[in-house]
Amino acid sequence: MTDASARSQEQSLHQLLAPVVEQTGLFLEDVRLARAGKYTTLRVVVDLLDGPGDLDLDTLGEATRAISDAVDAADPVAGQYTLEVSTPGAERELHTPRHFRRAVGHRAVVTTAEEQTLEGEVTAVDADTVTLTVDDSPRTITIALADIPTARMVVSM
C-alpha cells in the first residue's frame with residue numbers, strides 16, 4: 001500500500017469514526033494505520049471534547065467498544081487487524097487552540113518563533129493567544145498561537 005492510499009484510507013476511517021467517537025462524548029484526535037508485513041494495526045487517539053479535565057478508563061472503554069463495533073460493521077480494513085485506542089498522553093504536543101484549552105492548569109514547554117523556550121503553567125487561552133505563568137518568575141506572558149511552532153505538556157513530579 002502506498003503512502004497516498006494509506007492516507008486516503010485513514011481519512012475514510014476518520015470520517016467513519018468521528019461521529020461514533022462524538023456519540024461517546026469524546027473527540028477523535030487521530031487515526032493511523034500501521035502495516036508490518038501481513039499485520040495491520042489501527043491506532044485511534046481520542047480525547048475530551050474541550051477544556052481541562054481527565055479522560056477516565058470507563059469512558060475510554062466505552063469509546064473502544066463503539067469504535068470496534070463500527071469498524072467491524074463497516075469492515076474498512078482488509079484482513080485481520082489489531083485495534084489500539086488511546087489518549088494523546090500526559091506529555092502531548094499542543095498545536096491547536098483546543099489542545100491549549102485542554103492544557104489549562106497544566107505545565108507546558110513552549111518554543112516561540114524567536115526560538116525562546118518557556119516553561120510554566122498554561123493559565124488562559126483564547127482563539128488567538130495562550131497565556132503562560134513562567135517558572136521561576138512571577139510574570140505571565142501572552143503569546144500569539146501563530147508564534148508558537150512547538151509546544152507540549154510536561155509532567156512534573
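Only the coordinates and a few stated rules stand behind these numbers; no lab work does. If you're wondering where the values come from, they're calculated on a predicted model, not measured in any experiment. Neighbour counts run over all protein chains shown; Cβ positions are idealised from the backbone, glycine included.
Overview of values
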{"read-out": "Sum of -39500 (n - 2.57) over DSSP H runs of 4+, divided by residues of the chain (222 nm, nearest 500)", "value": "-9500 deg cm²/dmol"}
{"read-out": "On Cα atoms only, tilt of 57-74 relative to the major axis of the chain in degrees", "value": "40 degrees"}
{"read-out": "Pair Ala18, Ala34: separation of 7 Å Cα→Cβ label points (nm)", "value": "2.5 nm"}
{"read-out": "Estimated FRET transfer efficiency when R0 is 41 angstrom, pair Thr96-Arg139 (beta carbons, to 0.05)", "value": "0.95"}
{"read-out": "Ranked Val130, Val154, Val85, criterion: other C-beta atoms within 10 Å, fewest first", "value": "Val154, Val85, Val130"}
{"read-out": "Segment Thr111-Val154, length gained on full extension (0.36 nm per residue, minus Cα span)", "value": "14.2 nm"}
{"read-out": "Scattering profile of the chain at q = 0.13 Å⁻¹ [log10 I(q)/I(0), Debye over alpha-carbon scatterers]", "value": "-0.70"}
{"read-out": "Antiparallel DSSP beta bridges within the chain, percent to nearest 5", "value": "85 percent"}
{"read-out": "Extension gain (nm, one decimal) between Asp147 and Ala74, 0.36 nm per residue minus Cα-Cα", "value": "22.1 nm"}
{"read-out": "Magnitude of the charge dipole, the chain, Cβ model with Lys/Arg +1 and Asp/Glu -1, debye to 20", "value": "400 debye"}
